[in-house]
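So the structure is just underneath, and the comments pick up after that.
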Amino acid sequence: MRFIFKTRYEQDIELFQHGGKVFWYGLLMAVLLVAPVFVSPYVLTQLSQVCIYAIVAVGLMLLAGFTGQLSLGHAAFMAVGAYTQGVLVTAGVPFFVGIVAAALFAAAVGVIVGLPALRVKGLYLGIATLAFGTIIEEIIARAEHVTGGNAGLMVPPVNLFGWRFADGPSFYYLCLAFAVAATLIVINILRSPTGRAFVAIRDSEISAQSMGVNLAFYKTLSFAISAAFAGVAGGLYAHNIRFLSPDQFTVVQSIELVMMVVIGGLGSVHGAIYGAAFLIALPQMINAVKPFLPLFLSEATGLQPTVFGAVLILVVLFEPLGIYGAWLKTRTYFDLFPFYRQGMFRRQKAFQKSDRLK
Amino acid sequence: MQFVQLVISGLAQGCIYGLIALGFVLIYKATETVNFAQGELLMIGGFAGLFAATTLGFPYWAVILVAMAVTAVIGFLNERIILRPILGQSAVAIVMVTIGFGYMARGLVTMIPVIGTDTHSLPVPFRGEVFRFAGLVISAEHIVIITVTILLCGALAALFRYTKIGIAMQAMSQNQLAAYYMGIPVKRLSSLIWAISAAVAAIAGILLAPLTFIHANMGFIGIKAFPAAVIGGFTSLPGAIVGGLIIGVVESLAGFYLMEGFKDAAPFMVVLAMLVLKPNGLFGERLAKKV
């Protein structure tokens, strides 16, 4: 068991609380860096995919998990980023300019989508973002001269200073770099006054307001940052899939993104990464067990949604902190061994609060 | 004439949206949760009706009853088993659970061997019949939808107005705690509300079947019913129907007079305007919190 003896205030906001963390994160980083040597190209593509979704996930976690704003339109931000990147790169704009433009454009759309958040909250906000998402999807499908409409848009591979990040290890490293950067940015935001303001808004808008937090500004900011992350991820997604069409960014996709952060564990950056890994790994796991299932099950197209839905329900019912919560319990168990008690993480008895009174 | 024609078909479609929205509102009023799986309950109702009509060979009215009964039981169990344990958790948690239920329902339905991902058509006695009236051509399906919706609304209004259980439900939606103190079985009633709203969804499913066929993804229509509920104010039963009618008519008119693509986006544009201008909807109650 480890005791952290704090002697300076700075220790509260240090990136790594103690040497053990430096070691484990360093090890993780090293494993990720040498991964291309060991794993097959297919697994590597999946890892790139995990990195891309991890970028969306940390962004969405900032919004949903830390600012408490429900967004059911995040796929639309990804779409904005992906199409911006696709169109610009096709027009000969360098990769980095494209990705910055994708982030900025998505952030601008995020600000617009965030506007209803100033007036409505909770479920209404979810519905408002859902409405925005549908409208953006429809705009992309109809703006055929720019986006290619439903026929789709081909995207060339990444070309950076004349060096092609076509596929395999080079693209993986690019995605990994972006994912690590995104995670670090979010962690740093959370350590700063901005992040504290976000968490204050999540916990109680009235208290935050009385502490001098400008609700309108911080809510919009949260939407903008979150959308910018989704935009960057969209840009990478465009290069990864190489083909964009509006039906890749539907409401269903948005809902899956929210599922990702809920299953990973709302309110933790770890959870965002776990959720992204889960979202990519689940179809693979299902494919792996399919040969052992009876025929009517393995051939059903609905197998994946069923498992997804079941996992979601079980997580919310039994493990509100998601995969991160499960990990936390395991870790605490070994940390405190043999003093772990059954009720240590018992959920506080909650009474239903009325949302109708604002 | 063209215009009136469009309005009538819009009204019929709007009744469907209204009925789904009614389900949202019933549940929201009673338990302050939004059931994102309302569309899937509609789909289950459709399939239950299909089973009753084709395999069991029931007449149309019995088909409706079977569908209502099946979904009511599912709605009841859904509340009892999945939702009650997490009452009091954050709105996101509850929304995610209903979404999860919707996913499971959609996935499980495709696993039933005879259903799969095919589309099925429900045999109805009035298929393809049309009425001509003063230059208008109105299909029997539309008339049935509108009539059944009116009857159902009347029945629900009477339930809430005149029966003991209805009045208890009203009390519960106003103040759960006070209702509990008055000896109203709040828990049992919220299960019952889920059953009623699922049954309403089943009726919508049976009514929708002649228009769109029955398939595993028909539940996505539920997404379009959100705008209806928001426009009506989310806490008003007549509001839900009015909202549904507005959405239906707007969609029908936009599909004809505006560019292609506006048909699907129009309801959402209306709801965004509504949320920005009047977040409480047309009939919503405005309550202020005392600090």
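A crude spin-label estimate for the pair residue B:256 and residue A:345, with each label 7 Å from Cα along the Cβ direction, gives 5.8 nm.
When the pairs B:164/B:278; A:290/B:263; A:290/B:187; B:187/B:263; A:219/B:29 are compared against a 32 Å limit on Cα-Cα distance, B:164/B:278; A:290/B:263; A:290/B:187; B:187/B:263 fall above it. Packing-based ranking of A:8-14, B:272-278 yields B:272-278, A:8-14, ordered from highest to lowest mean Cβ neighbour count within 10 Å.
Residue order for A:261, A:252, fewest other beta carbons within 10 angstrom first, comes to A:252, A:261.
Annotation: amide H-H contacts under 5 Å for residue A:158 (H modelled 1.01 Å from N, sequence separation of 5 or more, or interchain): A:165. For peptide A:292-303, the mean count of partner chain Cβ atoms within 10 Å of a residue's Cβ comes to 4.
Work out the length of the dipole vector of chain B about its Cα centre, built from +1 on the beta-carbon of each Lys and Arg and -1 on the beta-carbon of each Asp and Glu, and round it to the nearest 20 debye. Working shown, then result.
On the way: 16 positive and 10 negative charges, 183 e Å.
For chain B, the charge dipole is close to 880 debye.
Whole-percent P(r), segment B:166-291, all Cα pairs, 5 Å bins from 0: 2, 10, 14, 17, 18, 16, 11, 7, 4, 2, 1, 0.
Distances between every pair of Cα atoms in segment A:68-213, grouped in 10 Å steps from 0 to the bin holding the largest one, split as 10, 29, 33, 20, 7, 0 percent. Applying the Karplus relation 6.51 cos²θ - 1.76 cosθ + 1.60 with θ = phi - 60° to segment B:220-226 yields 3J(HN,Hα) values of 5, 4, x, 4, 6, 7, 4 Hz, where x marks Gly and Pro. The mean of 1/r over all distinct Cα pairs in segment A:286-349, once inverted, gives the Kirkwood hydrodynamic radius of 14.4 Å. When chain B is treated as a Gaussian network with alpha carbon springs shorter than 10 Å, the biggest mean-square fluctuation among B:138, B:74, B:16 belongs to B:138.
Altogether, the Stokes-Einstein calculation at 20 °C and 1.002 mPa s, with the Kirkwood radius of chain B over Cα pairs as Rh, returns a diffusion coefficient of 110 µm²/s.
Please report the net charge: other residues with Cβ closer than 14 Å to the Cβ of residue A:214, K and R +1, D and E -1.
Values: positive: A:196, A:219; negative: A:205.
Its environment carries a net charge of +1.
Applying 0.36 nm per residue to the separation of residue B:213 and residue B:143 and subtracting their alpha-carbon distance, the gain on full extension is 23.4 nm. Summarising the label geometry, the points placed 7 Å from Cα in the beta-carbon direction at residue B:55 and residue B:119 lie 2.3 nm from one another. Once each part is reduced to its C-alpha centroid, what is the distance from segment A:1-71 to segment B:31-78 in angstrom? Going from one Cα centre to the other spans 46 Å. Amide H to amide H distances under 5 Å link residue B:130 with B:140, where only residues 5 or more positions off or on other chains count and H is placed in the peptide plane. The Cβ shell under 15 Å around residue A:299 holds other residues with a net charge of 0, Lys and Arg each +1, Asp and Glu each -1.
If you wrap segment A:183-321's Cα atoms in a convex hull and average its projection over all directions, what's the area in nm²? Present the calculation step by step, with values, prior to reporting the outcome.
Details: hull surface 43.3 nm².
Average of the hull's projected areas for segment A:183-321 equals 10.8 nm².
Couplings 3J(HN,Hα) for segment B:258-265, derived from phi with the Karplus relation 6.51 cos²θ - 1.76 cosθ + 1.60 (θ = phi - 60°), are 9, 4, 4, x, 6, 4, 7, 8 Hz, where x marks Gly and Pro. Note that chain A, at 20 °C in a medium of 1.002 mPa s, gets a Stokes-Einstein diffusion coefficient of 99 µm²/s from its Kirkwood radius over C-alpha pairs. Placing pseudo-labels 7 Å out from each Cα toward the beta carbon at residue A:297 and residue B:84 gives an inter-label distance of 2.9 nm.
Mind checking the dipole of chain A: about its Cα centre, +1 per Lys or Arg Cβ, -1 per Asp or Glu Cβ, Debye to the nearest 20?
Numbers: 23 positive and 15 negative charges, 234 e Å.
The dipole of chain A has a size of about 1120 debye.
Rg and Dmax over the alpha-carbon atoms of segment B:11-73 stand at 13.1, 39 Å.
Across peptide B:221-228, the mean count of Cβ atoms from other chains lying within 10 Å of each residue's own Cβ comes to 3.
Using 0.36 nm per residue and subtracting the Cα-Cα separation, the extra length available between residue A:6 and residue A:217 on full extension is 72.6 nm.
Taken as Cα centroids, segment B:176-196 and segment A:246-300 sit 36 Å apart, rounded to the nearest whole angstrom.
Compared with the direct C-alpha span, the chain from residue A:333 to residue A:25 gains 108.8 nm at full extension, assuming 0.36 nm per residue. Applying a 4.7 Å cutoff between beta carbons, the unpaired cysteines of the protein assembly as shown are B:15, B:153.
One quarter of the surface of the convex hull around the alpha-carbon atoms of the protein assembly as shown equals 32.6 nm², the direction-averaged projected area.
Where a number appears in this text, it was derived from the coordinates with a stated rule and is not lab data. Everything numeric here is computed off the predicted structure, so don't read it as measured data. Glycine gets a Cβ as well: all are built from the backbone with ideal geometry, and neighbour counts include every protein chain shown.
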